[in-house]
Structures are given as structure tokens and as C-alpha cells.
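Worksheet: one structure, shown below.
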Amino acid sequence: MEAFTLSFALLLAMSSADGIWLLAGGALALLLILTAGLLKRRSGWIIGSVLQVGVIAYGFVVTAMFSMGALYTALWIAAIVVGRKGEAARARLSGR
């Protein structure tokens, strides 16, 4: 979803941004899609966290991405927190 949102932001940026910012946004959207496959490893979580900063920073190109990036970052943090709680509960139930 986040990559699609960034892709739509690229459409908005086409009229006002330089080509380098369009290329950077496209690369960021592609990296967001590729990172989804790495989320089974710790490195995927680290890369995903770094990409969240990039999504917020794209707000300097398309202003709406400040709020959308903050929203997706909040969802990212919530997923990490809830996931850790779920893993802890599963470990307690399985007797580890």
C-alpha cells in the first residue's frame, strides 16, 4: 500500500519536480516492494525502518507525503510493537 501511495505521489510530482526527484521516488517505491520479501529476516526490518525515513523525506517533494509518511511510519511502529507482543504471548503459551 505504501508503495502505491508513493507512486501516486510521483504522479503529483511530475508537474513540479526535477527528474532526479522522480527517479528517487520511483526507486524508493521499488525498494518498498522488494523489502516486503525480506521481512522474515532482521535485515528486512532494518531496511524497512530506514525506508520509512525516506518516505517522510519525500514530503519535501510532495508536501502531502509528510502526513502520509507519518501515518505509514506510525503503522510500521505499531506492527513492530504488536508483533513483539504476539511473539511473547506465543512463547508463553508454548512454554518456552
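Bear in mind that the values in this text are calculations on the coordinates, not laboratory data. On a predicted model such as this, the values are computed, not experimentally measured, just so you know.
Computed 3J(HN,Hα) for the stretch 36-49, one whole-Hz value per residue from the Karplus formula 6.51 cos²θ - 1.76 cosθ + 1.60 where θ = phi - 60°, is 4, x, 9, 6, 7, 10, 5, 4, x, 5, 5, 4, x, 5, glycine and proline marked x. Note on the chain: with a GNM built from Cα contacts shorter than 10 Å, the maximum mean-square fluctuation among SER67, SER15, SER43 falls on SER15. For the chain, the relative contact order is 22 percent, taking Cα pairs closer than 8 Å that sit 6 or more residues apart in sequence and dividing their mean separation by the residue count.
Across the stretch 21-26, rounded Karplus estimates of 3J(HN,Hα) from the backbone phi angles (6.51 cos²θ - 1.76 cosθ + 1.60, θ = phi - 60°) give 6, 5, 5, 5, x, x Hz, Gly and Pro being marked x. Legend: P(r) of the chain from all alpha carbon pair distances, 10 Å bins from 0, whole percents, reading 15, 43, 25, 11, 5, 1.
A simple rule links phi to the HN-Hα coupling: the Karplus curve 6.51 cos²θ - 1.76 cosθ + 1.60 with θ = phi - 60°, which for the stretch 70-82 gives 5, 5, 5, 5, 4, 5, 4, 5, 4, 5, 5, 5, 5 Hz, with x for Gly and Pro.
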